[in-house]
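The values are calculated or read from the model by the stated rules, or taken from the named source; none is laboratory data. Given the structure is predicted, the values throughout are model-derived calculations rather than measurements. Backbone-built Cβ (ideal geometry, glycine too); neighbour counts: all protein chains shown.
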Amino acid sequence: MRVLVTGISEGIGGAICQQVAKRPGSAIAMCVRKTREPVEKLAEELRHEGCDVLILEGDLRDPAVPEYFVHTAAGRFKGLDAIVSNAGAVDPTSLEDMPLEVWEDMFALTCRASWLLAKAGFPHLKASQGAFVGISSQSGVHPHRQTGAYSAAKAALIMLCKQMALEWGEHGIRVNSVSPGMIMTPMTRSIYDDMNITRQREAIVPLKRIGAPSDVARTVDFLIDPENRYITGENIMVDGGLTLSVLDRIPGIARRKQET
């Protein structure tokens, strides 16, 4: 399987690459803003396992970069079977204090780049009857304090994927999004270093644990698998049941009124 993945790190992006590399004859374009030692180490590990790995550098905020990523990867691999738009960033700023450039950068990186990746990848995915997956967030489903631009951009990504699924279904292209909940990654590890916070967070998750990048990666791998050809336009929550438990946390239980 020939897959392009953006936002490679030791977290979700790296886990997606590791999962895809388990497929015999896999080829992965690992797209990063700037190559770092952990990315190079991961690439070498995957090559050792027999995966063809290409590392591409570029800032997805630049509208020319998505097409460059797709064109280069498709040229190297003679096409693409899947694109996973995982790159993102968080800027914890309240809406009233947020500079315009922060808002625009968030949408450029999260939503616009995903559209441009998909647009450039369209002919390749059409030829391979492939799949596109956008990595959104639980914050794209529910608002979260001081993540105004992030939440709005992730919500827009979910709708973008639904729109592409509707328009491109006739071409055999499947488009879905995945919304991770609380996941332990290098970016969030500082939060979970506080065991009190960790226990509080685990307590509100129905499955009573914080997720791992591999939980998200396995879901993405399922969605891009050619065997799963009848799923499109969905946003799959990978959050241990947290989202569905919102109303359950309201104090008090409604009781049937006794008749007199």
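Figures for the structure shown
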| item | result |
| --- | --- |
| Filter result (farther than 20 Å from Lys34 by Cβ, among the aliphatic types (A, V, I, L, M), in contact with a Leu (Cβ under 7 Å, 6 or more places away or on another chain) and not in a loop (DSSP other than H, G, I, E, B)) within region 79-135 | Ile83, Leu125, Ala131, Val133 |
| From Phe107, Phe77, Phe69, residue being of a type in the set (Phe, Trp, Tyr) and under 20 Å from Gly140 (Cα atoms) | Phe107 |
| Those residues of region 121-147 which are surrounded by fewer than 22 Cβ atoms within 10 Å (Cβ to Cβ), touching a residue at least 40 places away in the same chain (Cβ under 8 Å) and within 16 Å of Asp81 (Cβ to Cβ), in sequence order | Phe122, Lys126, Ala127, Ser128, Gln129 |
| Glu202 under 16 Å from Thr243 (Cα atoms), without any contact (Cβ under 8 Å) to a residue 24 or more places away in the chain and part of a helix (DSSP H, G or I) | yes |
| Where a residue in region 46-57 is within 14 Å of Leu4 (Cα to Cα) and assigned to a loop (DSSP other than H, G, I, E, B) and its partner, wherever it lies, is among the hydroxyl-bearing types (Ser, Thr, Tyr) and modelled with pLDDT of 95 or more, with Cβ under 6 Å and at least six apart | Cys51/Ser26 |
| Residue within region 175-194 that is in contact with a Leu (Cβ under 6 Å, 6 or more places away or on another chain), within 22 Å of Gln18 (Cα to Cα) and not small (Gly, Ala, Ser) present | yes |
| The listed residue being of a type in the set (A, V, I, L, M), under 15 Å from Asn86 (Cα atoms), crowded, with 17+ Cβ neighbours inside 10 Å and at pLDDT below 95, out of Ile28, Ile16, Ile8 | Ile8 |
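Matching residues to (1) of a type in the set (A, V, I, L, M); (2) within 30 Å of Leu125 (Cβ to Cβ); (3) surrounded by 18 or more Cβ atoms within 10 Å (Cβ to Cβ):
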{"site": "Met164", "(1), (2), (3)": "yes, yes, yes"}
{"site": "Gly169", "(1), (2), (3)": "no, yes, no"}
{"site": "Ser177", "(1), (2), (3)": "no, yes, yes"}
{"site": "Met184", "(1), (2), (3)": "yes, no, no"}
{"site": "Thr188", "(1), (2), (3)": "no, no, no"}
{"site": "Ile197", "(1), (2), (3)": "yes, no, no"}
